[in-house]
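Visitor: Following this message is one structure expressed as structure tokens.
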Amino acid sequence: MTGILVLYDHSASICSQMARLALVEKELSFQRHAIDIMETNEQFEPWYIALNPLAVVPTLKMGDEVVTDTITIVNRLQSMPGPDLSGDDTTQDWLRAIMALHYGVLLYRNRLDPDGTAPQIMARGKFLQRLKKTRPDLEQLTNARLAGNQRFQKLLKDPVEIEKHMSAARGLIQQIADALAKQAYLAGSSYSFADCFATAALARFTIHGLADDWRGTAIDDYYARLKSRPSFTAAEVIDTGTERDL
Ligand SMILES: N[C@@H](CCC(=O)N[C@@H](CS)C(=O)NCC(=O)O)C(=O)O
């Protein structure tokens, strides 16, 4: 018995979209508890950190069991009742490859001031400095986050670094197109968790203007098939609108 499933997530977060797609495709019923990771930084509330010590979404609560990290969540769902979404022996490689992209770079590269400063990243830095003062018990977490925030801002000021991440995204698109030239889904002939991850990634690439990269490849038909699945809407995957909406 796993009890009631509760997903702590943020609507626009790509990891949350992946977890929601996996839950919906697995035909599991679950409740959602929205965590505002953008405005109020609810992920740093003590009650949430008790669930997810890294202060990130998503988190899945299954009765008394708490599961964090999107890939771990998805793999935990595999043993639950419902369709078999395990795919073939390439599934785990796909999950890791799709998760490994720096989606933040794709997003924030278009939100930079002329000097390369990202206002949202600066604001996050100020918030973390305040948190460091008011919550000394979270020192390790805030120090790690502050260091990560500084690395991110430094990276965004370097066009060569940005291009490195853009080219990684294009490389992944090529890998997906190559796989689909041989088979209907990423990890074999039937839909799997790898396709849940690809759905959220391709939706994000669409918003970031990368869809032209796969025009004329097998991804055209694949993405149309993914979009026509009821899970696309049910899991609130977004591929329209502006980057400001994320
Ligand atoms: N490897 C983690 C990454 C989680 C992650 O970075 N989540 C983002 C949203 S996609 C988040 O919570 N960001 C909030 C923050 O960085 O404070 C996972 O897969 O769960």
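The values are calculated or read from the model by the stated rules, or taken from the named source; none is laboratory data. Model, not experiment: these values are computed from the prediction. Methodologically, a virtual Cβ is constructed for each residue, glycine included, from the backbone with ideal geometry; neighbour enumeration extends over all protein chains shown. Protein only, heavy atoms only, side chains kept; ligands, DNA and RNA dropped before computing areas. Shrake-Rupley method; radii C 1.70, N 1.55, O 1.52, S 1.80 Å.
Visitor: Taking the Cα centre of the range 56-103 as origin and charging only Cβ (+1 Lys, Arg; -1 Asp, Glu), how large is the dipole, in debye to the nearest 20?
Guide: Using Cβ point charges on Lys, Arg, Asp and Glu, the range 56-103 gives about 200 debye.
Visitor: Separate question: If each residue of separation counts as 0.36 nm, what is the full-extension length gain between N110 and A34 once their alpha-carbon separation is subtracted?
Guide: Here the answer is 24.7 nm.
Visitor: Here's something else I'd like to know. Going 7 Å from the Cα of I4 along its beta-carbon direction, which residues of the range 49-85 have the amide nitrogen within less than 11 Å of the resulting point?
Guide: Within reach of a label on I4: 63.
Visitor: Roughly how many percent of the accessible protein surface of the chain is carbon and sulfur, given a 1.4 Å probe and a whole-percent answer?
Guide: On the chain, the fraction of accessible area on carbon and sulfur atoms equals 54 percent.
Visitor: Here is a further query. Quantify how much of the Cα-Cα distance distribution of the chain extends past 24 Å, in percent. Let's see the in-between values first.
Guide: Details: 14827 of 30135 pairs.
For the chain, the share of Cα pairs beyond 24 Å comes to 49 percent.
Visitor: While we're looking at this one, here's another question. Taking Cα pairs under 8 Å and at least six residues apart, what relative contact order does the range 111-246 come out at, in percent?
Guide: Reported relative contact order: 18 percent.
Visitor: While we're on this one: Once you wrap a convex hull around the alpha carbon atoms of the range 158-246, what is its projected area averaged over all directions, in nm²?
Guide: 6.2 nm²
Visitor: Rounded if a/c is under 1.5, else prolate if a/b beats b/c, else oblate: with a ≥ b ≥ c from the C-alpha gyration tensor eigenvalues square-rooted, which is the range 76-197?
Guide: It comes out oblate by the Cα gyration axes.
Visitor: If you don't mind, another one. Give the separation of the Cα centroids, the range 64-137 to the range 46-61, in Å.
Guide: Answer, in whole Å: 12.
Visitor: Report the net charge of residues surrounding A50, where surrounding means a beta-carbon distance below 15 angstrom and charges are Lys +1, Arg +1, Asp -1, Glu -1.
Guide: -3
Visitor: At a temperature of 4 °C and a viscosity of 1.567 mPa s, determine how fast the range 113-164 diffuses translationally according to Stokes-Einstein, using the Kirkwood radius over alpha-carbon pairs as Rh; express D in µm²/s, rounded to the nearest whole number. Walk me through the intermediate numbers first.
Guide: On the way: Rh = 11.7 Å.
Rounded to a whole number, D works out at 111 µm²/s.
Visitor: Given a 1.4 angstrom probe, what's the average accessible area per residue across the chain, in square angstrom?
Guide: Value for the chain: 48 Å² per residue.
Visitor: Can you classify the range 1-112 as rounded, prolate or oblate using the Cα gyration tensor, where a ≥ b ≥ c are the square roots of its eigenvalues, rounded means a/c under 1.5, and otherwise it's prolate if a/b beats b/c and oblate if not?
Guide: oblate
Visitor: Same structure, new question: For the chain, calculate the relative contact order in percent as a whole number, restricting contacts to Cα pairs under 8 Å that are 6 or more residues apart. Present the calculation step by step, with values, prior to reporting the outcome.
Guide: On the way: 297 pairs, mean separation 56.2, N = 246.
Reported as a whole number, the value is 23 percent.
Visitor: Please give the net charge around V237, taking every other residue with its beta carbon less than 11 angstrom from that of V237, where Lys and Arg add +1 and Asp and Glu add -1.
Guide: Taking every other residue near V237 into account, the sum is +2.
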